[in-house]
């Protein structure tokens, strides 16, 4: 194990090309998935927070439920949809980075939606009233309330990125773990561990942990910034 | 220009409990008025309805332009302007966003936004489409008016309750309201800040033609600030003081 760790550090220090391409693909797939999930999730979170419609309660329940959606189940359903005989099979997306982006988006989307909703509804109602008293239109009022909820919303987005980048089950099913094409950090770790090649697996594991540390550090900083003292 | 207010038989209930009962009042433009009454007498609800933030269950709120509207109605309508109803003496303005933006209400808890003092004050201008430099210049003047210019770059949530109330007033006056409602502006404020806020209100009367309506339960404050005071009891305007 110690030998594996030593070799892993030499891979990182030597900027191994295979390692770099895997990291780059991971960040590209997860980054794109996050953009999609953040846009769609924030929109849904805002809609269920600001409007009242008959199935609103059901939508909120589904959002919360899908936060814990097992990745491999998401991967299975996406596989059935994207496979050649599935409804979107004609698009030929299966075993491509695009399929992995879709899978990660599906997993990250409910996290952004649910945490955004939670952050928005927890904004003090006086903020909405104060905006209205200053002549804000309903849209401007909603934007201002969302601005007040920004730290909670950012926490949701960061948490969603954490979920996306550490995901393995769904992307393994729809991405296929093809070397140089759909192989990302998590799927490489799973494969290399199976093969007994621990150096690359450990190196990627270290990078994933560092990434997780950075994400959590950033999340902590965001939350601290949101907690401003209310009295002198 | 300033607005006069005419409230006619305002009634409001929440969950079957009657909060306002046939409240009627007519206030000329440009004056300072206080609305006195104990907690729960209906002052805040009446202010919110007068500020067009809530609909009454019954009754009418009319705002009257002063000086009276002169051009013939057909001419104004042909320009696509909001006229409301024109009587022989003045114009009863239509209740729309344009009218709502001519008044503002400072809430008892103010509702400070989690940003700087300056950005709080500039908010009302920016939502009216005024660009940042111009909005911030006007916000500076409003902050100077309430004695908070030295704190313009501070996080607004770090202000004391008295300073927060002054910020609320700056945020309101920066948009140049023709009617300013203040709901218990000194309720949770120390003596020093109470005096500062009262001075601000009196200076407001001196400097601008703004109709100011203040809800308070402090009779001595009502006497210091206003030429006329309305008394509310159990959801009814029971009389005028002074």
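The values are calculated or read from the model by the stated rules, or taken from the named source; none is laboratory data. Here the structure is a predicted model, which is why all the values come from computation and not from measurement. Positions of Cβ are backbone-derived with ideal geometry, glycine not excepted, and every protein chain shown enters the neighbour counts.
Determine if segment B:100-118 includes at least one residue that is buried (at least 22 other Cβ atoms within 10 Å of the Cβ), part of a loop (DSSP other than H, G, I, E, B) and either more than 9 Å from chain A (Cβ to nearest Cβ) or at positive phi (or both). Within segment B:100-118 (the criterion being buried (at least 22 other Cβ atoms within 10 Å of the Cβ), part of a loop (DSSP other than H, G, I, E, B) and either more than 9 Å from chain A (Cβ to nearest Cβ) or at positive phi (or both)), the answer is yes, since at least one residue qualifies.
Candidates B:182, B:157, B:143, B:148: the one that is within 12 Å of chain A (Cβ to nearest Cβ) and more than 17 Å from the chain's Cα centre (by Cα) is B:157. Segment B:124-242 holds helices (runs of 4 or more DSSP H) entirely within its bounds, and those carrying 3 or more residues that are in contact with a helix residue (DSSP H, G or I) (Cβ under 7 Å, 6 or more places away or on another chain) and crowded, with 22+ Cβ neighbours inside 10 Å map to B:132-145, B:161-173.
Consider residue B:168 carefully, then state whether it is under 29 Å from residue B:4 (Cα atoms) and either touching a strand residue (DSSP E or B) at 6+ places or on another chain (Cβ under 9 Å) or free of Cβ contacts under 8 Å to residues at least 12 places away in the same chain (or both). Yes. Per this entry, residue A:142 is not counted among residues that are in contact (Cβ under 8 Å) with a residue 40 or more places away in the chain, buried (at least 18 other Cβ atoms within 10 Å of the Cβ), touching a helix residue (DSSP H, G or I) at 6+ places or on another chain (Cβ under 6 Å) and more than 14 Å from chain B (Cβ to nearest Cβ).
Considering segment B:20-55, and only residues there that are surrounded by fewer than 21 Cβ atoms within 10 Å (Cβ to Cβ) and over 25 Å from residue B:202 (Cα atoms), the residue that is farthest from the other protein chains (Cβ to nearest Cβ) turns out to be B:22.
Residue-wise test of (1) at pLDDT 95 or above; (2) within 20 Å of residue A:152 (Cβ to Cβ).
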residue	(1), (2)
A:46	yes, yes
A:56	yes, yes
A:77	yes, no
A:80	yes, no
A:86	no, no
A:116	yes, yes
A:128	yes, yes
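Every residue, every condition in (1) in a helix (DSSP H, G or I); (2) more than 10 Å from every other protein chain (Cβ to nearest Cβ); (3) surrounded by fewer than 21 Cβ atoms within 10 Å (Cβ to Cβ), yes or no:
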position: A:98; (1), (2), (3): yes, yes, yes
position: A:101; (1), (2), (3): yes, yes, no
position: A:107; (1), (2), (3): yes, yes, no
position: A:110; (1), (2), (3): yes, yes, no
position: A:115; (1), (2), (3): yes, yes, no
position: A:128; (1), (2), (3): yes, no, yes
position: A:132; (1), (2), (3): yes, no, no
position: A:156; (1), (2), (3): yes, yes, no
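Every listed requirement among (1) over 16 Å from the mean Cα position of the chain (by Cα); (2) within 10 Å of chain A (Cβ to nearest Cβ) is met by residue B:175 save one, (1).
Within segment A:168-200, the set of residues being under 17 Å from residue A:12 (Cα atoms) and either touching a strand residue (DSSP E or B) at 6+ places or on another chain (Cβ under 9 Å) or in contact (Cβ under 8 Å) with a residue 40 or more places away in the chain (or both) comprises A:184, A:185, A:186, A:188, A:198, A:199, A:200.
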